[in-house]
1. Under 7 Å between Cβ atoms, at least 6 apart or on separate chains: pull out the pairs that start in region 210-225 with a residue that is over 21 Å from K100 (Cα atoms) and end on any residue that is hydroxyl-bearing (S, T, Y) and crowded, with 18+ Cβ neighbours inside 10 Å.
2. Look at E48 and say whether it is closer than 19 Å to G200 by Cα and either over 25 Å from the mean Cα position of the chain (by Cα) or exposed (fewer than 14 other Cβ atoms within 10 Å of the Cβ) (or both).
3. Tally the residues that are over 21 Å from N53 (Cβ atoms) and in contact with a Pro (Cβ under 9 Å, 6 or more places away or on another chain), restricting the search to region 148-201.
4. What do you reckon, is L217 within 30 Å of V267 (Cα to Cα) and either within 21 Å of the chain's Cα centre (by Cα) or modelled with pLDDT under 95 (or both)?
5. Does region 65-86 include one or more residues that are surrounded by 13 or more Cβ atoms within 10 Å (Cβ to Cβ), modelled with pLDDT of 95 or more, over 18 Å from V205 (Cβ atoms) and touching a Pro at 6+ places or on another chain (Cβ under 8 Å)?
6. Scanning region 87-116 for residues that are more than 16 Å from the chain's Cα centre (by Cα) and among the aliphatic types (A, V, I, L, M), which turns out surrounded by the most Cβ atoms within 10 Å (Cβ to Cβ)?
7. Taking the criterion of being modelled with pLDDT under 90, surrounded by 11 or more Cβ atoms within 10 Å (Cβ to Cβ) and farther than 19 Å from R134 by Cα, would at least one residue in region 233-244 satisfy it?
8. Of the residues that sit in region 264-281 and are of a type in the set (D, E, K, R) and over 21 Å from R76 (Cα atoms), which one is surrounded by the most Cβ atoms within 10 Å (Cβ to Cβ)?
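The values are calculated or read from the model by the stated rules, or taken from the named source; none is laboratory data. If you're wondering where the values come from, they're calculated on a predicted model, not measured in any experiment. Using ideal geometry, Cβ is built from the backbone for each residue, glycine included, and neighbour counts are taken over all protein chains shown.
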Amino acid sequence: MGGVNIEEIEFLVEILERHPFESLRKIATEEGIDYYRLKRVYDKYYGEYIAVNARYNLRRVGLKSFVAFLSVPAERLLEVGRHVTQNPFIVYANPAFGFKNGLSLFLHIPKEQVKHVDKMLSKYSDDFEYYEVRAYPRGRNSKTLEWGEWNLNHDYAVLMDILKWDARTKVTEIARALGKARPTVRFMINRLKEIEVLVGFYVTVDMNIQDRGIVGLTKELDEEVLERFKEYEIKVGVLPEYGYFLEWFFSSQEDLGSKVLEFSRFVDKIMVEYFDPLFKEMNDRNNRTKFSRMVKEDGSGYHSILEF
């Protein structure tokens, strides 16, 4: 990370959080900052360390989220990893060791295909467990949530891929990729917003600092964990049929043993994830076109999760 200036990174993140979609000239004007300074910092970091990604409400298009844990022999880890990261319904896969030794997966499954998850996972391992996961904190009407369905044409799936990968892609480039005029692209983006599929944008910083994760499952959530480890990034999810899911990110420069001992008192099951560069490359390649490969080309719905 030679030449990286943390203050410049923080400056650009703050700017893009306020203006995720606007051009640099418009941002400079609205913020009252020097355009050339902004462009220099942007060109230095955007795309390599920083990205702006679309945030979707996948419930609107009928997708449910799951976490899954597979036992995979060490000698087959890479082989199975390559296999699972060709399936667009598997959002990411990471090597993981603990209550299962093998892979930790995150899935997006069409609501009508949840019944096929066992069969899908059995293609990769004969020993697995999985749980539906929802946003934390638990919603008031979480037991009566309704899921929509895919009722858009395939071009919208391609658009969602582009905006999810890089929401700052120029409209001209999107229009070229879709074979449409720029006003049509703007209409499509606005439509995704109107039907509450596209619900916003977020800034991602990837500096390869947090290259380890601890996954924990617990029937009861002790919220002290959020305060106790507030210097770390922690994600919390609700497992409707079990309890709660926690994912805690840290650096391999820190002592793994002490972190596991420290965190294990808050969970019933625990495993360590390794964010391996090779798996990141495979996950990125899979995610770059996941919506367009999930959705049938005639726009009639999703492919079967068993096809891949």
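1. As it stands, the answer is L221/Y244, since those pairs meet every condition given.
2. So E48 fails the test.
3. Count: 1.
4. Yes.
5. yes
6. Looking only at region 87-116, we keep the residues that are more than 16 Å from the chain's Cα centre (by Cα), and these are 95-103, 110-116.
Those still in the list that are among the aliphatic types (A, V, I, L, M) too: 96, 103, 114.
Working: A96: 22, L103: 27, V114: 14.
Checking each candidate, the answer is L103.
7. No, region 233-244 has no match at all.
8. Pass one, region 264-281, residues of a type in the set (D, E, K, R): 265, 268-269, 273, 276, 280-281.
Remaining after also requiring over 21 Å from R76 (Cα atoms): 265, 268-269.
Numbers: R265: 10, D268: 14, K269: 17.
Restricting to residues being of a type in the set (D, E, K, R) and over 21 Å from R76 (Cα atoms), the top hit is K269.
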